[in-house]
Amino acid sequence: MAYPETRLRRLRANEPMRRLVRETRLEPENFILPLFVCSGEGVRRDISSMPGNAQLSIDRLVAECAEVRSLGIGGVILFGIPDSKDESASGNYDPEGIVQRAIRAIKREVPGLLVATDVCNCEYTSHGHCGKVVAGEVVNDESIEWLARAAVTHAECGADIVAPSDMMDGRVAGIREALDDAGHANTPIMSYAAKYASCFYGPFREAAESTPQFGDRRGYQMDPPNWREAIREMELDLEEGADILMVKPALPYLDVIARAREQFDVPIAAYQVSGEFSMIMAAARNGWIDEQRAMLESLVSIKRAGAGIILTYFAKAAARALG
Ligand code: PBG
């Protein structure tokens, strides 16, 4: 039956009707808020390109986490800003490193909040690359050792999930083995499985002070035109022991999220990255777009595409809007 018997507008007539037939719902517990932690006390260094976000010292971070918990948000993911960087990313796997201390503080002060950690070398290397550099090249296998050591220290401090974001080959297997050997067989790995070499990470690199000092990340992160390769990345990460697969960025890669959802029976996460966030904020501040609606529409599109978990800088604002 078609028009005039069929009129799809009937079910759009008013909000109660629309609510009744809505296919996709956002819940604060689906969100993970990325947070940047630095040393010091009482420190809040605003990140100019990411309004509302800041580098926080551990005391401020703990306060932020208490608010996150009270909003019913699923969890946080931590990024560390070390005081000093070196060629061997030593701050990354230092048991007394900034992220390690932050995890312990959150676990002590904000029990019940899920804490994930980003596992990558780029915030800790003097050159800003995600691994060990030899003769201008990021070498794969030694870089994995640093990541595995970092992941173990995170788990030791109580991290609930470790999330490698470096895109070295075999890093999920390396991390899984190291975790298991260290007695952390129950710590899940959320793999940044399909992570693209994207321009949308621009504001994050200011936030995390991780801009590569030479070259770019195209030798290890994925080439944006490819989706079949993303499926291979995800298959391999699953074989290596990944528990959750992530696609990143989100909005420009909704097709990859949808294909991941169809193909794999594991939780799928998507990272609405800094540039996606900042574009909406910038347009809203210019009066060109409604901030709240753009936020919710972008988030629901990511969920509709198939991501059950969304890492987003909008987590608090969206939780408030939904609550
Ligand atoms: C670390 C990492 C990056 C992001 C998350 N983990 C930056 C990068 O790969 O350059 C980006 C997050 C964002 O843009 O919000 N490798």
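The values are calculated or read from the model by the stated rules, or taken from the named source; none is laboratory data. The model shown is predicted, which means the values in this text are computed figures rather than measured ones. Heads up, the Cβs are rebuilt from the backbone with ideal geometry, glycines too, and the neighbour counts pull from every protein chain shown. For accessibility, only protein heavy atoms count, side chains too; no ligands or nucleic acids. Shrake-Rupley method; radii C 1.70, N 1.55, O 1.52, S 1.80 Å.
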Between the range 154-180 and the range 1-68, what is the C-alpha centre distance in whole Å?
27 Å
At 7 Å along the Cα-to-beta-carbon direction for both residue 321 and residue 228, put a label point, then send me their distance in nm to one decimal.
3.8 nm
Which trypsin sites (Lys or Arg not before Pro) from the range 202-299 combine a DSSP loop assignment with at most 14 other Cβ atoms within 10 Å?
218
Estimate the FRET efficiency between residue 209 and residue 24 by the formula 1/(1 + (r/R0)^6), using the beta-carbon distance for r and 35 Å for R0, to the nearest 0.05.
0.45
First measure r as the distance between the Cβ atoms of residue 13 and residue 262, then evaluate 1/(1 + (r/R0)^6) with R0 = 35 Å and state the FRET efficiency to the nearest 0.05.
0.60
Assigned charges on the beta-carbon of Lys, Arg, Asp, Glu; the range 27-248 dipole about Cα centre (debye)
540 debye
In whole Hz and in residue order, list the ³J(HN,Hα) couplings for the range 222-233 that follow from phi through the Karplus curve 6.51 cos²θ - 1.76 cosθ + 1.60, θ = phi - 60°; x for Gly and Pro.
6, 7, x, x, 9, 10, 5, 5, 5, 4, 4, 4
Heavy-atom accessible area of the chain with neighbours in place, 1.4 angstrom probe: carbon+sulfur share in percent works out to 49 percent
Value of relative contact order over the chain, rounded to a whole percent, pairs C-alpha under 8 Å and six or more apart
18 percent
Taking amide hydrogens as modeled 1.01 Å from N in the peptide plane, which residues meet the under 5 Å criterion relative to residue 196, leaving out close sequence neighbours?
222, 248
Lysine-lysine proximity count for the chain, Cα under 27 Å, sequence distance 8 or more or distinct chains
13
Kindly express, to the nearest 10 degrees and within the range 0 to 90, the angle between helix 58-70's C-alpha long axis and the longest C-alpha principal axis of the chain.
30 degrees
